[in-house]
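For reference, the structure is listed below as C-alpha cells.
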Amino acid sequence: MAAKIFRYFIKMAYMGTGFHGWQVQSVSPSIQEEVEKALSLILNEPIRLTGAGRTDTGVHARILYAHFDSMHTPGEMEGLQPAFKSNRMLPATVALYDIFPVNKKAHARFHATYRTYHYYICTKKDPFFADRAWLQIRPLNVDAMQEAAGLLLEYKDFSSFSRSNTQAKTSICKLQMARWEIDGHILCFKIRSDRFLRNMVRAIVGTMVDVGLGKLTVGGFKQIIQSGDRRKAGYSAPACGLYLEEISYPEDIF
C-alpha cells in the first residue's frame, strides 16, 4: 500500500538582498533553495516547494506562502514546530513563521485570491533604508503621481508594464487598490490585484516617477497604458524597494 501523502502550507518572510529571487537557480542562491534544504533536513525527506509567487532578484517579502507534500502526519508535523520556528537552519534574512495542513488540492499560487505589493521610495538619504527603498532625492510631484495611480484602476490590460517574452497567457489583471501614501521622507505605493505580470509593479512605479519628475504628463501615462507597448513605459524601479506584503486565500482550502 502506498504511503499517505499530506499537503502543507508554510508562512514565511525574507529580505531579498543577496538572493537571486525566490525560484531555485542552477548556480545562484535563492530563497526557495534555502528553505527546501532546511525542511528536508528536519523532515528527513526531500521537500520541493511551490511558492505563491516568484519574486525577482533583490525583491523582499513580508509574507509569502508556499506548499509542499510530505509523508509526515499533521500530528508529527505539530511535534516538529519548535524545530521549524527556531529558524536555526535558515539565513538571518529568511524566517519561517508557520507550517499548517491544508486541503490536499490546495495550491499556494493558483488559489490565491489577491496579492498586495508595497513599493518604497526614500526622498532623502537614510541609512536604515539602504537596500530597502529606492533613494530618489529629486523633487517629486506626488499629487500628479497619485492621479496617475488612480488611472490604473480604470484598466485591466497591463501589457505596457509587462516584461516581454514571458509565459503569461493573459495580461489581464483585476486591480483593487493603487495609491501613494506619504510618511515623512518615505513614499509608499500600495497596489493590490488578483494577479501581477512579470516586472509589472516596478515598471508602473518607474513610469509614475517619470510623471513625478515632470518627464511625463498624467495624460501621457494614460496613453502608455492604452498603448499596450512596454517600450513606451518608463524604466523599471530598482528591486530593493519592492515588497510582497500580503496574500489572501479562500477559507475552504484550509
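Values quoted throughout were computed directly from the atomic coordinates according to the rules given, and no laboratory measurement underlies them. Everything numeric in this text was worked out from a predicted model, so none of it was measured. Reconstructed Cβ throughout: ideal geometry from the backbone, glycine too, with neighbour counts over all protein chains shown.
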Cβ-based charge dipole, the range 115-246, positive-most Cα from Ile137, Ile186, Thr207: Thr207
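Assigning unit charges at the beta carbon (Lys, Arg +1; Asp, Glu -1) and nothing else, what dipole magnitude in debye, to the nearest 20, does the range 115-246 show about its Cα centre? Intermediate results must be reported in sequence, preceding the final value.
Details: 20 positive and 13 negative charges, 96 e Å.
Charge dipole, the range 115-246, about its Cα centre: 460 debye, nearest 20.
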For every helix of n ≥ 4 consecutive DSSP H residues, a contribution of -39,500 (n - 2.57) applies; sum these over the chain, divide by its total residues, and give [θ] at 222 nm rounded to the nearest 500 deg cm²/dmol. -6500 deg cm²/dmol
Charge dipole of the range 115-246 about the Cα centre (unit charges at C-beta), most positive-ward option of Cys240, Ser162, Gln176: Ser162
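For a quick check: sort Phe196, Phe189, Phe128, Phe6 by the number of other beta carbons within 10 angstrom, fewest at the front. Don't skip to the answer; put the middle values down first.
Working: Phe196 21, Phe189 24, Phe128 7, Phe6 17.
Starting with the residue having the fewest Cβ neighbours, the order is Phe128, Phe6, Phe196, Phe189.
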Set of aspartates and glutamates with alpha-carbon distance to Lys232 below 14 Å, sequence-local pairs under 8 removed: Asp210
Taking the 0 to 90 degree range and rounding to the nearest ten, how far is the long axis of helix 200-212 tilted relative to the main principal axis of the chain, both from C-alpha atoms? 20
Using Cβ counts within 10 Å as a stand-in for footprinting exposure, how do Ser26, Ser159 rank, fewest first? Ser26, Ser159
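To the nearest 20 debye, what charge dipole does the range 51-113 have about its Cα centre, counting +1 at the Cβ of each Lys and Arg and -1 at the Cβ of each Asp and Glu? Each step should come with its number before you reach the end.
On the way: 7 positive and 5 negative charges, 34 e Å.
Taking the Cα centre of the range 51-113 as origin, the dipole is about 160 debye.
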As I understand it, the value is the acute angle between the Cα axis of helix 31-43 and the longest principal axis of the Cα atoms of the chain; what does it come to in degrees, rounded to 10? 10
Would you be so kind as to identify which of Ala52, Gln25, Val35 lies farthest towards the positive end of the dipole of the range 1-71, taking Lys and Arg as +1 and Asp and Glu as -1 on Cβ and the Cα centre as origin? Ala52
State the Cα centre-to-centre distance between the range 230-254 and the range 86-109 in whole Å. 19
With Cα coordinates, the longest principal axis of the chain makes an angle with the long axis of helix 218-227, in degrees rounded to 10, of 60
Dividing the convex hull volume of the alpha carbon atoms of the range 6-110 by its residue count, what do you get in Å³ per residue? 91
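Rank these for me by crowding, Val35, Val24, Val94, going from fewest to most other beta carbons within 10 Å. Intermediate values should be presented prior to the final figure.
Values: Val35 25, Val24 16, Val94 19.
Lowest to highest Cβ neighbour count: Val24, Val94, Val35.
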What does the charge dipole of the chain about its Cα centre add up to, to the nearest 20 debye, if the Cβ of each Lys and Arg holds +1 and the Cβ of each Asp and Glu holds -1? 600
